[in-house]
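The values are calculated or read from the model by the stated rules, or taken from the named source; none is laboratory data. Since this is a predicted model, take the numbers as computed values, not measurements. Here the Cβ positions follow ideal geometry from the backbone for every residue, glycine too, while neighbour counts run over all protein chains shown. When the accessible area is computed, the model is the full protein with side chains, heavy atoms only, and any ligands, DNA or RNA have been set aside. Shrake-Rupley method; radii C 1.70, N 1.55, O 1.52, S 1.80 Å.
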Amino acid sequence: MAEITWQEKAWDRISRVFFHPGTGLVYDYITADDPEERFFHLPSVEEISLSFPNPCGWSTGMEDCALNGGFLLDLLRLRGETDTDFARLAAAGLIRCGNVHGKPGFVARGLSPYDGRSCYGNSSRDQFTLATYGMWRFLTGYPSPDAGLKRDGEAFLRSVAEYCRRTVTPSNAYNLLRLDGKPAIVSTMWHCTPHEAMRLPMIYGIAADVTGESCYCEWMRHYAAAGLEQTLTMDPEADWWDMPVIQMQLSLNFFRESGIAPELYEGIREAMRMAASIAETRLMPLLEEAEAFDGDWAALYDNWRYLPMKATPETIAPDGSSALFGGLSYLNPVFRERYAHPNAILRGIGNYLATIALCNEHPCPDALTARVDKILGNIDISRCAGVGILPLLYGYTSILFHQTQLQGEKK
């Protein structure tokens, strides 16, 4: 009998443990091995309605469901598991994040499994980026989504683009805003840093690519050239971490693969090469860290309600007299390193691998893939309690998928 690979153990963990079939979403961590108790820590409907402990749901276990859903939909494509009930559930879950709250196009971070609709009011660039990219993959990379889901997916992408068009304006300082209409943290979509500059044009470009409607293409062209120019000013020596790098690369990859703005093609390729180089440079010390790690890769998370909480620095007034932003408190539960650190290592390895995989001109050496495989083969992925194994599996699968593609092109 063949030994089960770490990849299949990871997939089983993601699809069976972190995925909630009632909402169609992947949650961030578990606090119990018992399947019935694994999500007992998730915020109550009342806590969510009061924006407790913060309007983003940071550290509560439903902080990144939309982001996770984007990775998941593309991972299903790479695995060749697109025409399945599971894929349809995942796509429908992501679509609900964009409309269940009554403000179509606002991408909620996640939905409460207790009522299927309650959500925190502060989203982020990251949620919008991954949700739209994943839905683009679902609609263009899957063989034949059923008619109803295809219609709903297109409506989702339209609504996100139109929400951005209404909201991301000079009068709002190009901010996505919260559901209550007040400014949001981590939500500026223009006049932002280089790794964020292609997010907004990507959202408009995806709507144009999927619907064929010219207005979205016009909106995309208003920002794309300037966004790429800013992206190319990135500093490769800066203190990069994995989440910005992969999201920058995904935004660029949409333009490369879709061909929607051919005049930008050479600049896109250059930026993608830079991103891949950054990723490989950052990956090496992370692999050394993984090889040296002697803690518990499977440590269960604590219920966030028992953790110390810190005010988010950006919300504290210069004189220290207040720690409110838009009238709300952004207290953030602080995870213990014993489980946050190993999860961050696995997530980072995956995000850097995916960033490299997407750049055909920066192939991943076979020796590097073998090294990663050896490290992960020594970890009991089937017990990991953090969702870092989702981008991990996504990145590794991306490497294998693109290696196969390149080999096919050479024949």
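The table for this structure:
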| quantity | calculated |
| --- | --- |
| Relative contact order %, segment 226-292, counting alpha carbon pairs below 8 Å whose residues are six or more apart | 41 |
| Sequence ranges 25-35, 211-221, ranked by mean other-Cβ count within 10 angstrom, highest first | 25-35, 211-221 |
| Accessible area per residue, Å², the chain with all protein chains present, probe 1.4 Å | 40 |
| Average Cα contact separation per residue, the chain, under 8 Å, 6 or more apart, as relative contact order % | 18 |
| Residues Ala155 and Asp239, FRET efficiency given R0 of 45 Å [Cβ-Cβ distance, rounded to 0.05] | 0.70 |
| Whole-angstrom gap from segment 87-137 to segment 205-222, using each part's C-alpha centre | 21 |
| Segments 190-198, 202-210, 103-111 sorted - mean Cβ within 10 Å per residue, highest first | 202-210, 103-111, 190-198 |
| Sites matching GluC sites (Glu not before Pro) across segment 305-388 that sit in DSSP coil, with at most 14 neighbouring C-beta atoms within 10 Å | Glu361 |
| Normalised convex hull volume, the chain, alpha-carbon set, Å³ per residue | 155 |
| Whole-percent carbon and sulfur share, accessible surface of the chain, 1.4 Å | 52 |
| Trypsin sites (Lys or Arg not before Pro) restricted to DSSP loop in segment 325-359 with at most 12 other C-beta within 10 Å | Arg336 |
| Cα centroid of segment 247-264 to Cα centroid of segment 284-343, whole Å | 33 |
| Value of relative contact order over segment 67-207, rounded to a whole percent, pairs C-alpha under 8 Å and six or more apart | 26 |
